[in-house]
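The values are calculated or read from the model by the stated rules, or taken from the named source; none is laboratory data. These numbers come from a predicted model, not from an experiment. Quick reminder, even Gly has a Cβ in these numbers, built from the backbone with ideal geometry, and neighbours come from all protein chains shown.
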Amino acid sequence: MAYEVAFIPGDGIGPEVAWAARRCLEATGVKVLWRDCLAGESAIAKFGTPLPEETLQTVRQTQVALKGPITTPIGTGFRSVNVALRKQLDLFACIRPCRSSEGIRSPFQQVDLIVVRENTEDLYAGIDFAAGSPESAQLIQQLKTLTTQPLADDAALSLKPISVAASERIVRFAFEYALTHGRKKVTAVHKANIMKYTDGLFMETARRVAKAYEGRVAFEDRLVDATCMQLILRPQEFDVLVLPNLYGDIVSDVCAGLIGGLGVAPGANIGERAAVFEAVHGSAPRYQGLNKVNPTAMILSGVMMLEHLGERDAARRLEEAVRAVIREGRAVTYDLKADRHDPTAVGTKEMADAIIAKLKTQSVEPVNPVKPVQTGQRAQRA
Ligand code: NAD
């Protein structure tokens, strides 16, 4: 018996961190039948497109994918493979847990929060018009008949669709996540004082959904600017944050900074029919092939994948092995050393080796299988 999982190594540092994660996952003893797929630059070379139908089909079949970061190609028809993948598979919820690890130098301690980002609409939806294009000229003319607000003829335009259905779905997801993970509070983040209709709709929807969870999960809503400041002053006040797409993108990088940087921030994109697990960071092309970057974010994304599959015991063992290696501070990459030029820093592969060695020697209490930890479907067993 094995879980079928699509494996997309990605671009830049992607293959290095994705393979490190794959080896660590295999070392847990959970049987995975990997279905190797291409997306990004390597896919363009073979299929002439960065997101081949073959890859989408594989993820639809397996319902679970482990994915390395993908470079956003410049000057092609695709805005972003990542955005396209999320849209095609309707991966509407992006979950980014941010938890402090002992051994990581940071002015912020005991951070333990979850960012839940809406993944399908907002300014990220891709409704963009270039300055000077016939489309923006037409749109600007039309808009001038609808608003008295000044609108420059040479403006570029981006639309910000925020719908009731998508807002309701993501807020409900955040509350359900809070319930299944023993979380106490959901904070909806917006800028409804300025964007009265779009963010206003998100805020009103969040308040309405929250009523159904009264007495079980606390709720508050906050402005995004104030939230950023509070995250720096008192990150411990937050538990689960739910945000529209763009604020979610930015705030999750802020939160990654609170726990030690992009090298340690994992993530998952979840839908009703598929889930794709990937680090928050990108393909960092200047580090490509150097065996230098931190594999932790990708390995912890693998931990989230194990939880999603219901393999909670293996998930806990792997997470503990990662945290033990970081705590000891020896076999860690340059970004986790006090001095980034510390010659004792190890490479991506060697840090993964240390985690695998730790897995084999650790003693961790088993956990009882309880309720599923994600709302998405689990992988088919092959
Ligand atoms: P990036 O996250 O790739 O890198 C920014 C910096 O963060 C790096 O220069 C490095 O200093 C640090 N960093 C990132 N990952 C690290 C790791 N594992 N260990 C240690 N340090 C790490 O961001 P970018 O340079 O803005 O983006 C590069 C490319 O990645 C772009 O094409 C972008 O579109 C793409 N991207 C893809 C994804 C994704 O696939 N999900 C996410 C973000 C960015």
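Tell me the residue from Leu246, Leu306 that is more than 15 Å from the ligand (Cβ to nearest atom) and surrounded by 16 or more Cβ atoms within 10 Å (Cβ to Cβ), please. Full working, then the answer.
Values: Leu246 fails: more than 15 Å from the ligand (Cβ to nearest atom).
Being more than 15 Å from the ligand (Cβ to nearest atom) and surrounded by 16 or more Cβ atoms within 10 Å (Cβ to Cβ) holds for just one of Leu246, Leu306, which is Leu306.
Scanning the range 29-46 for residues that are away from the ligand (no atom under 16 Å from the Cβ) and without any contact (Cβ under 8 Å) to a residue 40 or more places away in the chain, which turns out nearest to Gln362 (Cα to Cα)?
In the first step, residues of the range 29-46 are kept if they are away from the ligand (no atom under 16 Å from the Cβ); the result is 29-36, 45-46.
Next, only the ones that are without any contact (Cβ under 8 Å) to a residue 40 or more places away in the chain stay: 31-32, 34-36, 45-46.
On the way: Lys31: 20, Val32: 22, Trp34: 26, Arg35: 30, Asp36: 30, Ala45: 43, Lys46: 42 Å.
Across the range 29-46, the extreme among qualifying residues is Lys31.
If you check Arg105 against the conditions, is it crowded, with 22+ Cβ neighbours inside 10 Å and within 16 Å of the ligand (Cβ to nearest atom)? Break it down into steps so the answer makes sense when it comes.
Details: crowded, with 22+ Cβ neighbours inside 10 Å: no; within 16 Å of the ligand (Cβ to nearest atom): yes.
Judged against the criteria, Arg105 is not a match.
Does the range 67-80 include one or more residues that are farther than 29 Å from Arg312 by Cα, modelled with pLDDT under 95, crowded, with 17+ Cβ neighbours inside 10 Å and of a type in the set (A, V, I, L, M)?
no
Name the single residue, out of those in the range 281-291 being within 8 Å of the ligand (Cβ to nearest atom) and at negative phi, that is surrounded by the fewest Cβ atoms within 10 Å (Cβ to Cβ). Explain how you work it out, then say what you get.
So in the range 281-291, the residues within 8 Å of the ligand (Cβ to nearest atom) come out as 281-287.
Checking the rest, the ones that are also at negative phi come to 281-283, 285-287.
Numbers: His281: 24, Gly282: 17, Ser283: 21, Pro285: 14, Arg286: 9, Tyr287: 16.
Per the criteria, the residue is Arg286.
Return yes or no: is Ala297 over 16 Å from Ala345 (Cβ atoms) and outside any loop (DSSP other than H, G, I, E, B)? Before you say what the answer is, go through the steps one by one.
Working: over 16 Å from Ala345 (Cβ atoms): yes; outside any loop (DSSP other than H, G, I, E, B): yes.
Yes.
Which of the residues belonging to the range 257-280 are at pLDDT 95 or above, under 19 Å from Ala93 (Cα atoms) and within 12 Å of the ligand (Cβ to nearest atom)?
Once the filter is applied, which keeps residues that are at pLDDT 95 or above, under 19 Å from Ala93 (Cα atoms) and within 12 Å of the ligand (Cβ to nearest atom), the range 257-280 yields Ala265, Pro266, Gly267, Ala268, Asn269, Val276, Phe277, Glu278, Ala279.
Can you tell me which condition Ala315 does not meet? The list is (1) modelled with pLDDT of 95 or more; (2) near the ligand (Cβ under 10 Å from one of its atoms); (3) of a type in the set (Gly, Ala, Ser); (4) over 14 Å from Ala18 (Cβ atoms), and all the others hold.
(2)
Within the range 89-101, does at least one residue satisfy the condition of being touching an Asp or Glu at 6+ places or on another chain (Cβ under 9 Å), closer than 30 Å to Ile259 by Cβ and either part of a helix (DSSP H, G or I) or small (Gly, Ala, Ser) (or both)?
Scanning the range 89-101, I find at least one residue that is touching an Asp or Glu at 6+ places or on another chain (Cβ under 9 Å), closer than 30 Å to Ile259 by Cβ and either part of a helix (DSSP H, G or I) or small (Gly, Ala, Ser) (or both), so the answer is yes.
Filter the range 310-321 down to the residues that are among the aliphatic types (A, V, I, L, M) and surrounded by fewer than 24 Cβ atoms within 10 Å (Cβ to Cβ) and list them by number.
Going residue by residue through the range 310-321, those that are among the aliphatic types (A, V, I, L, M) are 314-315, 318, 321.
Ala314, the sole residue that qualifies.
Under the condition of being part of a loop (DSSP other than H, G, I, E, B) and free of Cβ contacts under 8 Å to residues at least 40 places away in the same chain, which residue from the range 311-331 is farthest from the chain's Cα centre (by Cα)?
Among those residues, the one meeting the criterion is Arg330.
Could you list all residues from the range 150-173 that are part of a helix (DSSP H, G or I) and either in contact (Cβ under 8 Å) with a residue 40 or more places away in the chain or surrounded by 14 or more Cβ atoms within 10 Å (Cβ to Cβ) (or both)? Even if it seems obvious, please write down each step before you answer.
Kept after step one, since they are part of a helix (DSSP H, G or I), are these residues of the range 150-173: 164-173.
Val164, Ala166, Ser167, Glu168, Arg169, Ile170, Val171, Arg172, Phe173, listed by residue number.
Exactly one condition in (1) away from the ligand (no atom under 14 Å from the Cβ); (2) buried (at least 19 other Cβ atoms within 10 Å of the Cβ); (3) within 22 Å of Phe173 (Cα to Cα) is false for Asp90; which is it?
(2)
Go through the range 175-202 and give me each residue that's of a type in the set (A, V, I, L, M), in contact (Cβ under 8 Å) with a residue 12 or more places away in the chain and out of contact with any Ser or Thr (no Cβ under 9 Å at 6 or more places or on another chain).
Filtering the range 175-202 down to residues of a type in the set (A, V, I, L, M) leaves 178-179, 186, 188-189, 192, 194-195, 201.
Now drop any that are not in contact (Cβ under 8 Å) with a residue 12 or more places away in the chain, which leaves 178-179, 186, 188-189, 192, 195, 201.
Matches in the range 175-202: Ala178, Leu179, Val186, Met195.
Quick test for you: out of Glu26, Glu54, Glu4, pick the one residue that is acidic (Asp, Glu) and either free of Cβ contacts under 8 Å to residues at least 12 places away in the same chain or near the ligand (Cβ under 9 Å from one of its atoms) (or both).
Numbers: Glu54 fails: either free of Cβ contacts under 8 Å to residues at least 12 places away in the same chain or near the ligand (Cβ under 9 Å from one of its atoms) (or both); Glu4 fails: either free of Cβ contacts under 8 Å to residues at least 12 places away in the same chain or near the ligand (Cβ under 9 Å from one of its atoms) (or both).
Unique residue meeting the criteria: Glu26.
Within the range 327-352, count every residue that is surrounded by 18 or more Cβ atoms within 10 Å (Cβ to Cβ) and more than 13 Å from the ligand (Cβ to nearest atom).
Filtering the range 327-352 for residues surrounded by 18 or more Cβ atoms within 10 Å (Cβ to Cβ) gives 331-334, 336, 345-348, 351-352.
Filter once more, keeping what is more than 13 Å from the ligand (Cβ to nearest atom): 331.
Counting residues in the range 327-352 that are surrounded by 18 or more Cβ atoms within 10 Å (Cβ to Cβ) and more than 13 Å from the ligand (Cβ to nearest atom) gives 1.
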